[in-house]
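What follows draws every value from the coordinates through simple rules; no lab data is involved. Owing to the predicted nature of the structure, the values given are computational and were not obtained by experimental measurement. Every residue, glycine as well, gets a Cβ built from its backbone with ideal geometry; the counts of neighbours run over all protein chains shown.
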Amino acid sequence: MDPKEQEKRLTAEILERVREIARLRSEAEPEFVPGKSPVRYAGRVYGEAEMSNLAESAIEFWLTSGRWHRRLEEGLAAWYGVTHARLVTSGSSANLVAVAALTSPYLGDRRLRAGDEVITVAAGFPTTVAPVVQLGLVPVFVDVAIPTYNIDVSRLEAARSERTRAVVVAHTLGNPFDLGAVSEFCRRHGLFLVEDNCDAAGSRYRGRKTGTFGDLATLSFYPPHHMTTGEGGAVLTSDDTLLRAVESLRDWGRDCWCASGVDNTCKRRFEWELGELPKGYDHKYVYSQLGFNLKMTDLQAAVGVAQLDRLDGFVAARRANWDFFRGALADLSEALVLPEPTAESEPSWFGFTLTVRDGAPFGRDELVRHLEGRKIQTRMLFAGNLVRQPAMTDLVAEARRTGRPAPFRVSGALAHTDVVMNRTFWVGVYPGLTAPMRAFVAEELSSFVRGRLRR
Ligand SMILES: Cc1ncc(COP(=O)(O)O)c(C=O)c1O
């Protein structure tokens, strides 16, 4: 038999076997035993298509960015309704590339320069803010509002200074921040907006998907997120100059934009004259920025292609689980602050957030320990108050020691941010949460709170 034909036949056989394994795995789901089986806050939800795509990509053995990579980039751009999506290794690297793109020489006079300020919040994930500091910019922290857990937009004007150049914030746990107010603030003052959309795939504001409002937006595909590629992320933009900056920063900082394995896309490979290089120096090795290498592999992208097909279903399941908790826990509001969607939004929730009221007859840590003891996973709202994390107190101490300027600025009190740090936690709403699991979570929360209120 022709070796090509033989390979095709063997591949088909292998893929059928892989799908069989996926089917076996889904049939072997263990029975849920309340209090004994874990109720996870999130996790991978996958099946035949993900495993088969992954195996197919493994057999192809392209490994680096290839056909699956292109397919996922095109699919994501179409799903969000933006012009471009570029895949990277994680949500954190997406944030790094997005913020670095704002400092790119490609932007000319619009580029951010060391010491420029970026308005953000401290109640969130550290790597929304880390690149700001790492790139020599200065984060300016403003408080969040409860119960949306998003940036308090009434604080924006007071936080602005001569050096403010951008706003970089996340849609907290899937709840869109007030995109109307933030976009208007950015427009009025000529600021860039980066939406950290890592926890909000499918959320909408005034009917439009989040991740499409900012100059740039970032996605994470780490397993707890709305869709997964294991590790992985993406940057979205509809701006061609920012796209060039993002792509180059992701791909070593090179000036050339050939896909991997391709030469001479620009048709001028040996004709460019750039920097102080000799005329005609191979464009493949011309660097117009000092970049990184943060490309996703084709194996990961192959999984992502299958996950993207299910994303609408995942979003619907997350909303249904959140709605269930909101209904089932409504009468606990004497002791717990229940979450609320931002006005004019339809969140695609990452979690169900609860804050123990000041004066409740129990504390957050006691409730969390109770739930964890019943095998119900809980999570903090990430860093709580990032300013109080050791990474930041160390930066402050180092600045003092060396006489350098403060590494960040705090605008106004971060009172709600401290409430988040001290009294907030969340439970999962991911699509793998079954009806018996979520009923058990609601029952455990209710019986604990009612029991304490009666005492
Ligand atoms: C809001 C937010 N941004 C960024 C990230 C980082 O994503 P990754 O874990 O893919 O680096 C996370 C992580 O969960 C996140 O919640």
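Taking amide H as placed 1.01 Å from N in the peptide plane, ALA166 has its amide H under 5 Å from the amide H of ILE119, PHE192, each at least 5 places away in sequence or on another chain.
A crude spin-label estimate for the pair ALA415 and LEU453, with each label 7 Å from Cα along the Cβ direction, gives 2.6 nm.
Converting phi to 3J(HN,Hα) with the Karplus coefficients 6.51, -1.76 and 1.60 and the offset θ = phi - 60°, segment 233-241 yields x, 7, 10, 10, 7, 10, 9, 5, 5 Hz in sequence order, with x at every glycine or proline.
Taking a spot 7 Å from the Cα of GLN6 along the direction of its beta carbon, which residues of segment 57-93 have an amide N less than 20 Å from it? Residues 59-61 qualify, since their backbone N sits under 20 Å from the label point. The HN-Hα couplings worked out from phi for segment 60-68 by the Karplus form 6.51 cos²θ - 1.76 cosθ + 1.60 (θ = phi - 60°) are 4, 6, 6, 6, 7, 5, x, 5, 5 Hz, whole numbers, x standing for Gly and Pro.
Would you mind classifying segment 310-454 by shape? Square roots of the alpha carbon gyration tensor eigenvalues, ordered a ≥ b ≥ c; an a/c under 1.5 is rounded, otherwise it is prolate if a/b is larger than b/c and oblate if not. Prolate, because a/c is 1.5 or more and a/b exceeds b/c. Remark on THR212: its backbone amide H falls under 5 Å from none of the residues 5 or more positions apart or on other chains, H modelled at 1.01 Å from N. Each Lys and Arg Cβ is given +1 and each Asp and Glu Cβ -1; about its Cα centre, segment 303-411 then shows a dipole of about 560 debye. Among 301-308, 393-400, the peptide with the highest mean count of other Cβ atoms within 10 Å heads the list, and the full ranking is 301-308, 393-400.
Note on THR265 and ARG25: the model spin-label points, each 7 Å out from Cα along the C-beta direction, lie 3.3 nm apart. Centre-to-centre separation between the Cα atoms of segment 84-148 and those of segment 323-349: 29 Å. Overall, the anisotropy analysis places segment 1-106 in the oblate class: the square-rooted eigenvalues a ≥ b ≥ c of its C-alpha gyration tensor yield a/c not less than 1.5, with a/b not exceeding b/c. Across the options ALA259, PHE382, LEU274, the greatest Cα extent toward the positive end of the charge dipole of the chain (unit charges at beta carbon of Lys, Arg, Asp, Glu) belongs to PHE382. Taking every DSSP helix (H) stretch of at least 4 residues in the chain, weighting each as -39,500 (n - 2.57) and dividing the sum by the residue count yields a mean residue ellipticity at 222 nm of -13000 deg cm²/dmol. Work through the residues other than TRP79 whose Cβ is under 9 Å from its Cβ and net out their charges, Lys, Arg +1 and Asp, Glu -1. Taking every Cβ under 9 Å from that of TRP79, the sum is 0.
For segment 84-170, a simple Cβ point-charge model (Lys and Arg +1, Asp and Glu -1, everything else neutral) yields a dipole of about 280 debye relative to the Cα centre.
Taking the centroid of alpha carbons for each part, segment 221-256 and segment 180-216 are 17 Å apart. The distance separating the Cα centre of segment 1-52 from that of segment 392-455 comes to 36 Å.
Averaging the sequence gap over all C-alpha pairs within less than 8 Å and six or more residues apart, then dividing by the number of residues, gives the chain a relative contact order of 22 percent.
The Cβ shell under 14 Å around ASP394 holds other residues with a net charge of +3, Lys and Arg each +1, Asp and Glu each -1. Using θ = phi - 60° in the Karplus curve 6.51 cos²θ - 1.76 cosθ + 1.60, the 3J(HN,Hα) couplings for segment 133-146 round to 5, 4, 9, x, 8, 10, x, 10, 8, 10, 6, 9, 9, 10 Hz; x is entered for Gly and Pro.
Report, in debye and to the nearest 20, how large the dipole of the chain comes out about its Cα centre when Lys and Arg carry +1 and Asp and Glu carry -1 on their Cβ. About 800 debye. Database remark: amide H of LYS375 closer than 5 angstrom to no amide H (H placed geometrically; neighbours at sequence offset of 5 or more, or on other chains; Pro and chain starts carry no H). Of the peptides 351-357, 437-443, the order by per-residue mean of other Cβ atoms within 10 Å, starting with the highest, comes out as 351-357, 437-443. Panel values: the chain, Kirkwood radius from alpha carbon pairs, Stokes-Einstein at 20 °C and 1.002 mPa s, translational diffusion coefficient 91 µm²/s.
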